[in-house]
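Asks: My structure is below; once you've seen it, I'll send some questions.
We did not get these values from a lab; they are worked out from the coordinates using the rules stated. Everything numeric in this text was worked out from a predicted model, so none of it was measured. Neighbour counts run over all protein chains shown; Cβ positions are idealised from the backbone, glycine included.
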Amino acid sequence: MINNISLFMKMSRNLCTTFIKMSIILILMIFSFGFLHAQPTQFSRQDTLRGSITPEREWWDLVYYDLKVKVDPNDRSIAGTNTVYFKVLKPYQTIQIDLQEPMNISKVTQNGKELDFTREGSVFLIQLADDQIQDKVSSFDIHFSGRPKVSERPPWEGGITWAKDENGNHFIANSNQGDGASVWWPCKDHAYDEVDSMQISVTVPQDLMDVSNGRLREVIKNKDKTKTYVWFVSNPVNNYGVNISIGDYVHFSEVYDGEQGPLDCDYYVLRYNKKKAVNQFKDVPKMFEAFEYWFGPYPFYKDGYKLVEVPYLGMEHQSCVTYGNGYQNGYLGTDLSGTGWGLKFDFIIIHESGHEWFANSITYRDPADMWVHEGFTAYSENLFLDYHYGKEASAEYVKGTRMNILNDTPVIGQYNVNNRGSGDMYSKGSNLLHMLRQMTDDDEKWRKVLRGLNETFYHQTVTSSQVEEYLASQMEMDLKPFFDQYLRDDRIPILEYATFGNNFYYKWSNCKPDFNMPVRVFVNDTSAWIKPVTEWTVSELNSDNDKITVDPNFYISSFQLIDHQN
């Protein structure tokens, strides 16, 4: 590798006409990409109250929830109590609880005393009567009721789905990742503080069943022709991962022999779909085989694994993955990659189960870093293919998903205002990770990096920066320019290159000034690594007839300014 910019400048004078023409085209492309951005989002005070760690949140740590809800399908209402156990980190008297309209809190009590509170939109500020002493664990009871928001586009729009199955039975479920768990139950609705464990008691009509997170402790038959299903979650759980799934279910199960021993896998499906489910859910043990290989042990052995049919597409509720993909492979029967490989597996089973590692065990602290959930989980799809169908299949799949990338706004959103970044976090995130695998250039090392990530951040909330720094340290590379480009900028780098005689010239453009990602090229059929920067670099070829092609596993644009043969 040599640097000889003066040589290239002499050469460029001889190629002036061609170079200028091509550069004008390139500049027009850059301006098109650079200025067609979405307008900045305007954020409200409610966005800040929901999205930031307010003084009324930061002083206390969640310990335990005892959530009790009664669901009335006929008038689409929910009523109940949530007992919140918390540890005092520093003395303070005002506590923030979130519950969205039209739900309402009627009463809050502590030690038999009714507490004063005020409401501002979705935020309830509760005045505690007793002095709060550092390190003390206390509790208070929230009484709530109402008709929660109905989700018009589940799972993309939060709320409750009130549906009927083919037999006319009620079929009900929540989905609230973006809108927040407080759309239906009162909680500390910020991802940074996960409750250590919780009990979920759901009362439903006696002819229906509720399936929620964790393990079923008991079923109580009540005198009013209802049943109460009591579930217990022994692991930390994020708010949006808490769910109710209500229907005329039948149950079947199996035990998967996993890395940490026997893992209970329970399946709850509508009565008339059992035969289809028994066949379709064969993807579950295949999923565990692949993901435990790549990511390490399933993170919730104590709580088991469940797959539950719901009246919408599906969601990554912790230890209780919900399913509505119509018992077919692909994404509602289609291949999101356009390669055919996406029809080799049931998208919802694989993708939503992948979230058990990335979303439920490793959870973002702020929705701005949601790519940590969706990028890694989208990438898990092609690792599933890699394990069962080979490396070429997985590469074809992830490259095929690039057609879904818009490059409209940066992948990372704005912090402290409950703002998610671009929807590109899925396919762009998975392609980002696919490139890191190429740059590692050692598949076993890459597997150790992924498993180490899950071990290091097991059951933790994280920032994107933490994940980025971990990957950089394990790969022993300076990856800050790489992550800044692909996560915090919406431009796709262009590799400009030219050959003249036996000299090969290249540089990055349409990117941040310090972007310096190494990239693999092929000189004829021989693999070679180059390290472009944003200034011209020149390397010497063996022959003036050598042909250069860029490895398509890198999500970049390439732009050959001139061919050495012309």
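Asks: Among the numbered criteria (1) surrounded by fewer than 18 Cβ atoms within 10 Å (Cβ to Cβ); (2) in a strand (DSSP E or B), which one does V84 miss?
Replies: (1)
Asks: Please find, within the range 151-188, the residue that is farthest from V63 (Cα to Cα) out of those that are over 20 Å from the mean Cα position of the chain (by Cα), part of a loop (DSSP other than H, G, I, E, B) and among the aromatic types (F, W, Y).
Replies: So, considering only residues that are over 20 Å from the mean Cα position of the chain (by Cα), part of a loop (DSSP other than H, G, I, E, B) and among the aromatic types (F, W, Y), the one farthest from V63 (Cα to Cα) is W184.
Asks: Among (1) more than 20 Å from V372 (Cα to Cα); (2) surrounded by 21 or more Cβ atoms within 10 Å (Cβ to Cβ), where does H434 come up short?
Replies: (1)
Asks: Give the residues of the range 527-542 that are aliphatic (A, V, I, L, M) and part of a loop (DSSP other than H, G, I, E, B), sorted by residue number.
Replies: Answer for the range 527-542, where residues must be aliphatic (A, V, I, L, M) and part of a loop (DSSP other than H, G, I, E, B): V533, L541.
Asks: Among (1) over 25 Å from W156 (Cα atoms); (2) within 22 Å of the chain's Cα centre (by Cα); (3) crowded, with 20+ Cβ neighbours inside 10 Å, which single condition is V195 missing?
Replies: With (1) over 25 Å from W156 (Cα atoms); (2) within 22 Å of the chain's Cα centre (by Cα); (3) crowded, with 20+ Cβ neighbours inside 10 Å applied to V195, the lone miss is (1).
Asks: Considering the range 528-554 alone, what residues qualify as being free of Cβ contacts under 8 Å to residues at least 60 places away in the same chain and among the small types (G, A, S)?
Replies: A528, S543 - these are the residues of the range 528-554 that are free of Cβ contacts under 8 Å to residues at least 60 places away in the same chain and among the small types (G, A, S).
Asks: Can you pull out every residue in the range 354-394 that is of a type in the set (K, R) and part of a helix (DSSP H, G or I)?
Replies: If the condition is that a residue be of a type in the set (K, R) and part of a helix (DSSP H, G or I), then K391 is the only one that fits.
Asks: Condition first: under 30 Å from A368 (Cβ atoms), in contact (Cβ under 8 Å) with a residue 40 or more places away in the chain and part of a strand (DSSP E or B). Can you find one or more residues in the range 519-526 that meet it?
Replies: Initially, the range 519-526 is screened for residues under 30 Å from A368 (Cβ atoms), giving 519.
Filter once more, keeping what is in contact (Cβ under 8 Å) with a residue 40 or more places away in the chain: none.
The answer is no, given that none of the residues of the range 519-526 is under 30 Å from A368 (Cβ atoms), in contact (Cβ under 8 Å) with a residue 40 or more places away in the chain and part of a strand (DSSP E or B).
Asks: Here's a follow-up. Using the structure shown, decide if R365 is touching a strand residue (DSSP E or B) at 6+ places or on another chain (Cβ under 6 Å) and surrounded by fewer than 24 Cβ atoms within 10 Å (Cβ to Cβ).
Replies: yes
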